[in-house]
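Data first, discussion second: the structure below is written as structure tokens.
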Ligand code: ADP
Ligand code: MG
């Protein structure tokens, strides 16, 4: 098999210079890679229906023979319709094809075919529009459908795959050791490759698929476990006592049980004598900031410095304001470091940080810059982890001597998946919202109802509440999409005349952003028209309406984050999604938003719709693209694969033995592909 990865795709019959470029575009520059380009779907032709029993409006196979020669009818606009009457002996149906003269010669009278397409019916007749067909005598049981690209149809890919399969040696080696293959009842790779492309039957396809999923996850696990081989360094930063009971009275509220639990779990880590490596997952509004504050407090009380890194300037400022208020009451020195500060101010902060005078530093990526050094960095917290790469976390950590690390994420993901992605992080979950939170009513409306939405907004502003309106980026407002600047003008001049309306977008200077945000949080602005810069973390409890224009543009998790900006106080809050999109995926997403407010369910759904690759962004989660396995649906196989991978690595960490050589090549294949993309 591995030698086929050296064979160029051009070496296949029918693949010339031009077509090979298309194959390369699809990700298969070699014969081996083509064999690993699995079909995206299949047509089951093995049990064709009769005309009367075929289900309506869903793709299905029907067996019928051609009753009479196709008829040709010219219609307006130079179009030609070809109609064909077919029968299964008991009933008839009509097939129609547009502008396809070949139909005249391809479909022969009295010949029997398997037609594949969607059946429509009214009380007079049944019909199919442009079904695919194959002569029944030579029809395969299952036909593969490949992801096609301009100039390269599924059929062409199928033909290339056919010739590639002929090159597979009968006695090829299987990378999965025989022992494991037999124990877990997996078919041989030869059978799997043949049947994933050109299955003998649906049963063979299942067997092949099962084996390939298993193989892919096994290879993935081997790679990940090797990448993340945990190094347990003894920590010089062991916490000696637990000061949390001194912290809680500083809070203006009673911590939730989940918050206390997360703090305790983290403190146990920090007192263990090893560096903490913990992920806190909590839905938006679950109160992660208070947990971070508690841990910073405890670290500082034990003589360490702590750093809290946030992904945006607005968020850093907000954390700074609230933690300073909370912790300076206890005599803790808190400072802010962001890129927009003056050089003089930065120098001052950096000096105080190096001398140890500043005990808690809050900042953006600016914390990573070279000039930043600590006297005794003991705890690093990164907020909204999905915005930071593993490398950035590591860069901050290198400013101390194996400091404790806490990662906070508002993107709740299933636990098993989290374990896979964050590798050896321990996980705490904030599965409880602070008391008194009300459900946020969510509505999806079309732009026709915008006027009504504004009347609703007016009513709430008059009652003293505030509102966010999200619209696309400045400059991005092409076509009919409102850009934030024009939109804000329109709100001021037409929809909410006389009300204080502010505007926020990424191109503004940090000082300007800060000023607008401050005005909004002090209640001096009733409405904030903004791009998604308010997406993460911003906390203004008096804001009760979140209206999102062109809501179809955003992913589910992002919509959920945006919605999480409201519903933070005691007042009933509402989220209004405006969208005229009709496509199925967008509609599904908006429906999901209206149906649930549970971040875990939303994340689950988002993962299903987009797949883990898009969900996290490949660079950030550090996982290669999977070709056949789906980490959510194949969770049980994933676990199994993890165990087996552990066993293999215990025995042969380098995968050097003859029996593991094939796996080693596959690990390389999978993870190399990741780096180059
Ligand atoms: P997130 O988890 O989204 O970062 P925050 O830490 O911003 O959430 O907290 C959301 C809001 O809830 C803040 O206004 C915070 O003061 C408040 N809050 C946090 N914990 C509690 C609690 N235990 N009881 C009441 N309010 C709380
Ligand atoms: Mg937060």
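Nothing in this text is a laboratory measurement; each read-out follows from the coordinates by a stated rule. Not measured: the values here are computed from a predicted model. Methodologically, a virtual Cβ is constructed for each residue, glycine included, from the backbone with ideal geometry; neighbour enumeration extends over all protein chains shown.
Exposure proxy ranking for 24, 176, 497, based on other Cβ atoms within 10 angstrom of each Cβ and starting from the fewest, stands as 497, 24, 176. Mean sequence separation of contacting Cα pairs (under 8 Å, at least six apart), scaled by the length of the chain, corresponds to a relative contact order of 12 percent. The overall shape of the stretch 80-123 is oblate: from the C-alpha gyration tensor, with semi-axes ordered a ≥ b ≥ c, the ratio a/c is 1.5 or greater and a/b is no larger than b/c. At full extension, residue 375 and residue 585 could sit 70.4 nm farther apart than now, given 0.36 nm per residue minus the alpha carbon distance.
Which of rounded, prolate, oblate describes the stretch 300-361, given a ≥ b ≥ c as roots of the alpha-carbon gyration tensor eigenvalues and a/c under 1.5 marking rounded, otherwise prolate only if a/b is larger than b/c? The shape class here is oblate.
The Rg/Rh ratio of the stretch 68-205, with both radii computed over alpha carbons and Rh defined as the Kirkwood radius, is 1.11. Counting only alpha carbon atoms, the long axis of helix 288-301 and the longest principal axis of the chain meet at about 50°.
Once both labels are positioned 7 Å from their Cα atoms along Cα-to-Cβ, the gap between residue 24 and residue 129 label points is 3.9 nm. Normalised by the number of residues in the stretch 85-227, the mean separation of alpha-carbon contacts (under 8 Å, six or more apart) gives a relative contact order of 16 percent.
Shape class of the stretch 264-347 from the Cα gyration tensor (axes a ≥ b ≥ c, square roots of the eigenvalues): prolate, since a/c reaches 1.5 or more and a/b is larger than b/c.
Rounded to the nearest 0.05, the FRET efficiency derived from the C-beta distance between residue 105 and residue 515 at R0 = 56 Å is 0.15. The ranking of 261, 69 from fewest to most other beta carbons within 10 Å of each one's beta carbon is 69, 261. Using the Cβ-Cβ distance between residue 17 and residue 40 with R0 = 22 Å, the FRET efficiency computed as 1/(1 + (r/R0)^6) comes to roughly 0.25. For the chain, the longest principal axis of the alpha carbon atoms and the long axis of helix 450-462 meet at an angle near 20°. Counted residue by residue at 0.36 nm each, then reduced by the alpha carbon distance between them, the extension gain from residue 112 to residue 325 reaches 68.6 nm. Using the Cβ-Cβ distance between residue 493 and residue 522 with R0 set to 30 Å, the FRET efficiency works out to roughly 0.75.
Placing a label point 7 Å from the Cα of residue 665 along the Cα-to-Cβ direction, the residues of the stretch 13-42 whose backbone N falls under 20 Å from that point are 28-38. Compared with the dominant principal axis of the Cα atoms in the chain, helix 599-616 is inclined by about 60°. Maximal additional length on extending the residue 148-residue 188 stretch stands at 11.6 nm, based on 0.36 nm per residue less the C-alpha distance. Ranked for footprinting exposure by Cβ neighbours inside 10 Å, fewest first, 604, 630 give 630, 604.
Test of understanding: extend the Cα→C-beta vector of residue 162 to 7 Å, then name every residue of the stretch 1-32 with backbone N under 14 Å from that spot. Those under the cut-off are 13-15. Of the Cα atoms belonging to the stretch 554-611, the radius of gyration and Dmax stand at 11.7, 36 Å. Working from label points 7 Å from Cα in the Cα-to-Cβ sense, the residue 138 to residue 248 distance is 7.8 nm.
The spacing between the stretch 563-579 and the stretch 347-377, judged by their C-alpha centroids, is 37 Å.
A crude spin-label estimate for the pair residue 240 and residue 76, with each label 7 Å from Cα along the Cβ direction, gives 9.0 nm. With distances taken between every two different alpha-carbon atoms, the chain has a Kirkwood hydrodynamic radius of 29.2 Å.
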